[in-house]
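Only one structure is covered here, and it is reproduced in the block below.
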């Protein structure tokens, strides 16, 4: 056991002395967390989320106190600041009195395509009468609806459409109540749980960002640190000196793995302390499922490092392979932005990327994201990559520079 612990200590000390390893292990994750938190850190705080939307009420013949006017008034209220100096949720664009709805809608659709607008809400002509007709029908028919135009390639547009959908749900409930058609006992309950010390506090961007940056640190540490240590030691014939001793290969790998996991623990502690005390992150990792996912992530990325070391003939070739994999796996995983609108060929890559499942699983476990993937798949894909990497590395990894 002493030899394993000495190997683990040697790996940690050597990694901390290597400038390249130290950059990917410490400098880059801290730099990225700092930059993103400073630029986007206020997203999620009250009055900081803001969208430009347009509203077209084609139901001009409806009464001033009708349903169409009520819906329009809700969006007007949400585009008005409640307090002085506070920015409202929406900036509302509406046609002028002498402007036709068709001309206004055509102009706003162009703005939506250019990304200058997040969404367009269109209340159709006859909406108020359709609601009244629904109220008079003995059997409730399909309810009347209105349009929400959004940009498919714009994340802000997707967020605005989600908020508008929630507004529409509440409006629909209010209309049903006024009709006497709403059954409170049959309504589906909805609970919101906010992460943090105060239950009234919302999840902020830094709480969403921190798990992703921690996983990114594990990822770069495994992708660059593991093959770098093995391949450079092999090129320098350091590994050859181990094999003339009585040290078995298995014990060397166990010691190396323990040293790598110790580096991941150090990395996690540094990033967590920076996120909590420098940027006010309140997300908690003191949960069994979160801890297990952190361990699974570290082991998955370490296995990738062994896979790269087994495929590369030289240290420089290993670094080249790591660089080729680094950006696609990191940015097509949801670490920093949603991947729902990716083209098909990129979506396929994201679907087999283990980082995609690990980051979703970790964020779900700490309560900053709702899972959209089954728990079995969240575990199966990373475990599959661990098994594949171990199988290839066991057959191809060479401990000497001669092949």
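Let's test the formula: R0 of 56 Å, r as the Cβ-Cβ distance of residue 246 and residue 34. What FRET efficiency results, to the nearest 0.05?
Taking R0 as 56 Å, the efficiency between residue 246 and residue 34 is 0.75.
Going from the fewest other Cβ atoms within 10 Å to the most, the residues 101, 260, 128 appear in the order 101, 128, 260. Between the beta carbons of residue 237 and residue 159, assuming R0 = 51 Å, the FRET efficiency works out to 0.40 to the nearest 0.05. Assuming R0 = 60 Å, what is the FRET efficiency of residue 391 and residue 65, from their Cβ-Cβ distance, to the nearest 0.05? About 0.25, to the nearest 0.05. All C-alpha pair distances within the stretch 203-303, sorted into 10 Å bins from zero, spread as 14, 39, 26, 14, 7, 0 percent across the bins. Spacing of the modelled spin labels on residue 371 and residue 20, each 7 Å from Cα toward Cβ, amounts to 3.9 nm.
If the label point is 7 Å along Cα→Cβ of residue 276, which residues in the stretch 207-230 have backbone nitrogen under 18 Å from it? Output list for this probe position: 207-215.
For the pair residue 288 and residue 379, label points projected 7 Å from Cα toward Cβ lie 1.2 nm apart. When you count the other C-beta atoms within 10 angstrom of each residue and take the mean per peptide, 227-240, 61-74 line up highest first as 227-240, 61-74.
Each residue, residue 295 and residue 317, gets one label point 7 Å from its Cα in the Cβ direction; the gap between the two is 3.6 nm.
Throughout, read-outs are computed from the coordinates displayed, never taken from laboratory work. Just so we're clear, the structure is a prediction, and the values are computed from it rather than from any experiment. Counting neighbours? That spans all protein chains shown, and the Cβs are built from the backbone with ideal geometry, glycine included.
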